[in-house]
Every structure is written in structure tokens, then in C-alpha cells.
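The values are calculated or read from the model by the stated rules, or taken from the named source; none is laboratory data. In this text, all values refer to a predicted model and were calculated from it rather than measured experimentally. All Cβ positions, glycine included, derive from the backbone under ideal geometry; neighbour counts span all protein chains shown. Protein only, heavy atoms only, side chains kept; ligands, DNA and RNA dropped before computing areas. Shrake-Rupley method; radii C 1.70, N 1.55, O 1.52, S 1.80 Å.
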Amino acid sequence: VAWTPSRCSTNCSRGPLFLRIPLAGGFDGDDDDEVLSAFLCPITMQVMEDPVVIETGHAYERDAITRWFSECRDLGRGPCCPITMREVRRADLRPVLALRAAIGEWADRRQRDDLRRACQWLTKDAKEKEALLALGCVARGWSGGRTGRHVVRGEGMMQMVGGMLRSGSAVVRLKALEAIQEFAKETDQDRVGSPEKQLLMASSLEKIVLSNDLKILVAQRVGSLFAGVVEKGSLEAKEVAFKVLEHISANAESAKVLIEDNILLPLFRVLSISRANLLPPRLQEAAAAVLANLVASGVDFGTVPLDGDRTLVSEDIVHSLLHLISNTSPPIQCKLLEFFCTLSSSERTALSIVSAIKSSGAITNLVQFVESDHQESRIASLKLIYKISFHMDHEIAQVFRASPTLLGCLIEIAFLNDGNTIEQDAALQILANLPKRDKHLTRELMEQGFFKIVAHKVLSICRREAGSDIYDNALLEGLVKVLARITYILRDEPRCISLAREYNLAALFTSLLRLNGLDEVQLVSAKALMNLSLESKYLTSTPKFDDHEHKSKLALFGRKPPSFQFCRVHSGVCSIRENFCILEGKAVERLVHCLTHGNKKVAEAALAALCTLLEDGVEIAEGILVLHRANGIAPIFDILKENPTGSLQHRATWAVERILRAEAIAKAASTDRSLGSALVHAFQHGDSRTRRIAEAALKHVEKLPIFSQIIDKRPSIRGSSMGSMERFYKFDR
């Protein structure tokens, strides 16, 4: 125990004694306050708040003497008086009500004096040190009890503190903010003036956040309090609070603090359809703006609880906000659409949003925004539709099929208006993501002259050297996807063949293969060439006239005779324009080059296009020769040697089996152990189709006896691998 009898007796033997103690947090240069020694606890030497007297007649702070007695017991001795060190028989503690009242009266008088002295320093021109002391005094006075609060209100100090937010010192502004936070705290006995405090806090913070330097600190200090103002404050306080929250939430880090302070639930409640009519439209818009800012902070809202087990992406929450979109003004619609667009950007929350949109049937209302006159809402809706089009392409296509007018509006936004480039890009990407084999949609796009516009745009970008401009690259990717739609219904729509011939699409897609770095463009172009090349054998024609006679007749009229090329693969007259033969225009060479592409999807698409030269219905031996001359056989073998999986494994195995039908190649390949191992791997790990093809390939290289234990030599009852690859193409589509 730290006290000695001599020291304690000295303190109390002189009777009532005035001690001079400094004002807690007082001002330099001010006179020190005086306090009776009887007000001080002999143990703590602090003014007592709950004085009690023990058996010896000495008064102590209740908590201090209780700890003293406990320490005495811990030392193995009975309780004793800290001053006289005399053991007491009873450890009873009796309150001294008169002393407590005297101390309370003295403390109240001292607090009033302190607060009135602080007023002179509550100006924006005060020195930093003095202003900080004054603000600390006010905050302590307010939190100290009813007397201090009465003085703060009576002296108009709340408004003075609000004025300190205009101080040139960031530290002073922060201290003022802390004082305002204290003002906002209420007890059950101090409800009067609540609207006044809420409005003061909100309007004062509106000034501080404009400096943009204390957003995170503001969010940490008053985020939870503002949640209460948003839901239960006066309309005037709410309006200013929403403005402040909009500024604070624009910063990602301060937005995260607000989310931790559970600001989401009050925001949702004031926006819910049951309460939306209680707020003026301007406040609904402000609340929606704050919500949009919060979701842009990067937080995973699938894990942030709203109330109970619900989150912001729970189905009923999303349904409520979707319903509000259909029943509110354009500015609020815009903010809510931006909110959904941001949530749809994350794979973790996008699926929840998509599921709720599907179950609510809201996709029709969302698509109808493409014809809205409110540009901001239209742009936000287009961005949202683009994000969800990866999961809802068929539902979106169904809306456009039912309304050609909406489809026309989308086309107009994408190409015919000189408007916002973000809006145009979103519209184009929506068109690019629509189902490629939707015949009705493709025919409607053709009716509206859409593909001719796209073809001209692609040619224009190619002339400007695509790859040199970032915007052109993004635009080209969307355009190529849209243009490739034509190649997916060639056999069902003769007009598509005519259009492909008119714009020489086979040559165009061939030229796009050279755009290294634009993987998506190369991927789509290779797939389009595969579709076009599959039709070559059906469009190949044989001249019905004598070639020499025809040339002589044309010479009589002074016309240059055309140069017909007899294609050995298709056994007829071919050209890249008329029947999309990829033997012309360096298509084969560029496709072979893509076989070694770092992107496996591009390599697989190029392989699929080259496989059309080995199809049933063409001269396979001539196709093999074409690949040999283009140095394409080794890269195909290399793809299989990498032991790919899935569709790439099947394509590579199919191509290798076809190539090995050439006896000379099969003989040379029989010594390639890595190729034999790759075929065995395909047989062991491939699906049933791949296994049959790998079996046939192993027979070509005479490796079958070596693997007799794992290969069933009986012929397959499902047919041989010599069938057409076209069935696989249809399956893959």
C-alpha cells in the first residue's frame, strides 16, 4: 500500500484548507481555481464524486476506499484507515450527503465559470492552442450533466462551436466536430432541443466536408449518429444530412466506415416503397445517391448484413428497389439503376441481382429505358442491361423480339446518334451479347439495315489502322461480334449469304486475324471463318462453258476475262467472296499462325476453321496437302501433345486422325513417341467420341498392338471416327 500514516495525517490535521489546483484543461495565464481540502479524497487527491465516511470518521471516495480495503485483505491484514492506519472493526461505508451536495454546488459553479471563460476563444480567429482548450472545455461541460448543457445552450455556444468548423486549422475543425458529436448525444432526460442539435450537427458538417480533407474522420466520428438523423431526424436535418453523407460516401474508405456503422438499413428504410412517399422527392434522390456511392466502395455486399439474415442483394430487398424504379421520378431512377449496375459488376453479387430480376419479371421495364428521354437514366439502364446480358441474353432478346421499336431505339443509340460514347458503347455491347443463333432477331436487324452500317464501321476502323486507338479497339470488338451473327444462319437465310458476298466478309474476317493483341477480335473472326468455310462445299460451282470460248467472247467486247480458280479441296470453282473458300486471301496462313496463340480459345477457334478443310464432302487428301504447304501440321500435333481437355482435346484428336490418313505422314509420325503418348492420353481421358477417334489414329501409326491391353479392338457399334466433324460443330454451338 502506497500511503504512509505521516503523510495522510498531515493532509487532514490542519482542518479546512484551501488548495490551489489548476483548472483541468484550463487556459494558460488564468487564475487557478481554489478547492477545499475536504473535497479531496486522501487516497486519490481528486475531488470526490461519491464521498463516504468510515468508522474513524474520515471521508473517502467510495471506489478508492473499497479498493484500499481489498488490498489490505490481499496482504493478509484486516481493513484499516489510510490516514490513521488504525484497524477498523467494520468496513461499512456511509454516504456523506451534505458533503456530496457541497461538492456538487462547487463543481457546478466552477463549470459555469469555465464555460463562460471559454466563450472568448470560440472564434475562428483564435489561436490554435486556445481554441482547442476552449472546445475541450465545452465538450466536457456538455457531457458533464444538465448544468453544463444549460450553460452551453444559454450562452449560444452550440452555434459558436459550429462556427469553429470554418477555422483554418484542420485540428481545430476536428475538435469542433468532436464537440458537435457530443451535442448529438442525448439522455432520456434531455430530449428538448433534439431537432436543434441534429440540424446544427448536419449543417456544420456540410461546411467541413467541403474541404475534402477529413471525410474518413468525419465518418468515424458521426457515421452512426447520422444513421439516426436519416431515419428519425427532422426533414430539415435529413436534407442537410443527406448532402453531407453524399460527400462523405464519395470516398471509398469513408464509405466503408459508414457501412460498418450500419448506415445501409436506414437508407433502405427511407427508400422502401412503404415509406418513400413520406419523403420529398429531393430527399429520395439524395438517399439513392448515397446508396449508389456506398455500393461503389468495393465491399462485398453479399456478406454485409442488413438486418437479420438479409443483405442488400437478398431477393426481397432487390424486388423492393426494382419496384421503386418503376414508380418514381427519373433522377431517382437513375441513381437506383447505377446502384444495380455497380452490384452487377461483381460476380459475387451479380448472380443474386440477376436471379431477383428474373423472378420479378423486371427485365421488360429495364429494357424499356432505352427509349427514355432522360439521358442519365437511359445511360444507367444500358450499362446495367449490358452487365446482366452475360446471364440473361435470351430474356433480353425476347423483349426486343416482341418490340422491334425498342430494337430500333437501341440501334439508333449505337450508331445513328452523335451522343455519349459511353452510351453508344453500352448499346453496341448489348447487341453483341444477344444470342447469335436467334434467327428472328438477326432477320429483324437485317430488315432495319443494321448489318450494312456495322460493315461500313468495321471497314472504316480497319482503314484507320485498328490497334492504335483504345476506343477504336473496344468499338471494333463489339462491331465484329455483331457482324459475325450473319455467319451463324447462312444456310437458313439466303440474304445473309448475299450480304456476306456483298461486303466480302470472308476476306474481312481474314484481315482481322492479323490484329495481334485483340484476342476477342481474333477469336470471333476465326469462328466466323469456320462458319463461312463450312458453307463453301455447298456453294462451290463448276463452269458450264468452255473456258477458252468464254475468254474469246469477252475479248470481243474489250472486257478482261475473270480469273477462275479451280479448288482441289472443294472440286470446283472457288473464290473467297463467292463461296467463302479460305484457300484464298492468306486465310489458311493466318489461321495456322493463330494455332500457336497464347490464348487457347483463339487457338481452338483457328483449329476449328482449319478442320473444315478435312471435312467429309471435301477432298481430304488435298486439305492435308494445303495444311502441309502452310506448315500447319506440326502446330496441330503440338496442340495434342500438350494434352488439352474438353472440346480442344476432341478437335485436336479429330484433326490428327484425319491428317494421319495420309500414309507418308502416318509413317513419319509412327516414330514420334510424344504424339503416340498424346493419342493414348486422349484415349484414356477423353469422352466416348474422343476415345473412338484416338483409337482410329493409333491404328494409322501402327501403335495399336503396343496398347492392346487398354484398347478395345472390337469395332464401335456407334460408328467410326471417319464421320463428319460438322455434327460436332452443331453440338458445340
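Numbers for the structure displayed
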quantity	calculated
Meets criteria (outside any helix (DSSP H, G or I), of a type in the set (Lys, Arg) and crowded, with 20+ Cβ neighbours inside 10 Å) for LYS537	no
Close pairs from the range 650-678: first assigned by the TED database to the domain that holds HIS700, partner aromatic (Phe, Trp, Tyr) and surrounded by fewer than 19 Cβ atoms within 10 Å (Cβ to Cβ), Cβ under 8 Å, at least 6 apart	HIS650/PHE728; ARG651/PHE728; TRP654/PHE728
Options LEU267, LEU337, LEU283: the member that is part of a helix (DSSP H, G or I), over 19 Å from ALA227 (Cβ atoms) and open to solvent by less than 10 Å² (accessible area, probe 1.4 Å)	LEU337
Residue count for the range 632-674, restricted to those that are under 45 Å from the mean Cα position of the chain (by Cα) and not hydroxyl-bearing (Ser, Thr, Tyr)	22
Members of the range 673-713 that are touching a Leu at 6+ places or on another chain (Cβ under 7 Å), assigned to a loop (DSSP other than H, G, I, E, B) and either under 15 Å from ALA655 (Cβ atoms) or modelled with pLDDT of 95 or more (or both)	VAL701
Among (1) farther than 16 Å from VAL521 by Cα; (2) assigned to a helix (DSSP H, G or I); (3) open to solvent by less than 60 Å² (accessible area, probe 1.4 Å) - the single one LEU490 does not satisfy	(2)
Residue that is farthest from ALA102 (Cα to Cα) [pool: residues in the range 40-92 that are of a type outside the set (A, V, I, L, M, F, W, C) and assigned to a strand (DSSP E or B)]	GLU87
Pick from the range 57-80, criterion more than 27 Å from ALA107 (Cα to Cα) and open to solvent by less than 40 Å² (accessible area, probe 1.4 Å), ranking: nearest to the chain's Cα centre (by Cα)	PHE69
The range 575-597 residues that are over 14 Å from GLY623 (Cα atoms), paired with ones that are open to solvent by 50 Å² or more (accessible area, probe 1.4 Å) and at pLDDT 90 or above (beta carbon under 6 Å, 6 or more apart)	ARG577/ARG501
Every residue from the range 43-56 that is open to solvent by less than 10 Å² (accessible area, probe 1.4 Å) and either among the hydroxyl-bearing types (Ser, Thr, Tyr) or closer than 10 Å to LEU93 by Cα (or both)	PRO51, VAL52, ILE54
Residues being open to solvent by 60 Å² or more (accessible area, probe 1.4 Å) and not polar (S, T, N, Q) - total across the range 405-419	3
Residues (in a helix (DSSP H, G or I) and of a type in the set (Val, Ile, Thr)) located in the range 601-651	VAL602, THR612, ILE620, ILE624, VAL626, ILE633, ILE636, ILE639
The lone exception for HIS650 - which of (1) on the phi > 0 side of the Ramachandran plot; (2) open to solvent by less than 40 Å² (accessible area, probe 1.4 Å) it fails	(1)
Pairs with Cβ under 7 Å, 6+ apart, first in the range 373-388 and at negative phi and aliphatic (A, V, I, L, M), second open to solvent by 60 Å² or more (accessible area, probe 1.4 Å) and assigned to a helix (DSSP H, G or I)	ILE379/ILE422; ALA380/GLU338
ALA288, sole failed condition from (1) open to solvent by 10 Å² or more (accessible area, probe 1.4 Å); (2) farther than 28 Å from GLY408 by Cβ; (3) among the small types (Gly, Ala, Ser)	(1)
Checklist (1) small (Gly, Ala, Ser); (2) open to solvent by less than 40 Å² (accessible area, probe 1.4 Å); (3) outside any helix (DSSP H, G or I) applied to ALA380, failing item	(3)
Qualifying residues in the range 270-280 (those that are open to solvent by 70 Å² or more (accessible area, probe 1.4 Å) and part of a helix (DSSP H, G or I)) - the one modelled with the lowest pLDDT	ASN277
Those residues of the range 383-429 which are at pLDDT 90 or above, of a type in the set (Phe, Trp, Tyr) and part of a helix (DSSP H, G or I), in sequence order	TYR386, PHE400
Residue match in the range 460-467 (condition: small (Gly, Ala, Ser), at pLDDT 90 or above and part of a helix (DSSP H, G or I))	no
The range 441-460 residues that are farther than 16 Å from PRO404 by Cβ, paired with ones that are surrounded by 15 or more Cβ atoms within 10 Å (Cβ to Cβ) and modelled with pLDDT under 90 (beta carbon under 6 Å, 6 or more apart)	ILE453/PHE415
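Condition check ((1) over 18 Å from ILE357 (Cβ atoms); (2) under 20 Å from the mean Cα position of the chain (by Cα)) across all residues:
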{"position": "LEU291", "(1), (2)": "no, yes"}
{"position": "ASP300", "(1), (2)": "yes, yes"}
{"position": "VAL304", "(1), (2)": "yes, yes"}
{"position": "ILE325", "(1), (2)": "no, no"}
